[in-house]
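Let me begin by presenting the structure, written as structure tokens, before commenting on it.
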Amino acid sequence: QVQLVESGGGLVRAGGSLRLSCAASGSIISINTMGWFRQAPGKQRELVAQINVFGTRTYADSVKGRFTISRDNAKNTMYLQMNSLKPEDTGVYYCNNAVRIGSWGQGTQVTVSS
């Protein structure tokens, strides 16, 4: 079973940046449409960015222009560069197959202070 391990979260002030990483134990990232999800306190988990096998990127309106999703197939790793962070970006961030969601990792906490 493929495992996904998220990292790179932390506490940052509004306007700051963070880069999240998602390391996969297998080649899932290169052969699937992968996504970054986030779960804000008291809210449902939502898809904020995805990248397909052709490299086409899609973003939620709330992060468009500020977040960039990318992947390194050779390293079986996906990234989420987050710039101009806002307090409403606070939450736990997860990576997963965006089409056929599998097991969730532990996520990485992102906290943006105002």
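I'd like to check something: does the stretch 73-84 contain any residue that is under 17 Å from A14 (Cβ atoms), modelled with pLDDT of 95 or more and not in a strand (DSSP E or B)? Yes.
From the set of residues in the stretch 46-72 that are of a type in the set (A, V, I, L, M, F, W, C) and in a loop (DSSP other than H, G, I, E, B), which is surrounded by the most Cβ atoms within 10 Å (Cβ to Cβ)?
If we take residues in the stretch 46-72 being of a type in the set (A, V, I, L, M, F, W, C) and in a loop (DSSP other than H, G, I, E, B), then V63 is surrounded by the most Cβ atoms within 10 Å (Cβ to Cβ).
Looking only at the stretch 10-45, count how many residues are of a type outside the set (V, I, T) and either touching a Pro at 6+ places or on another chain (Cβ under 8 Å) or surrounded by fewer than 19 Cβ atoms within 10 Å (Cβ to Cβ) (or both). Result for the stretch 10-45: 21.
The values are calculated or read from the model by the stated rules, or taken from the named source; none is laboratory data. Remember, predicted model here, so these are calculated numbers, not experimental data. Here Cβ is always computed from backbone atoms with ideal geometry, including for glycine, and neighbour counts include all displayed protein chains.
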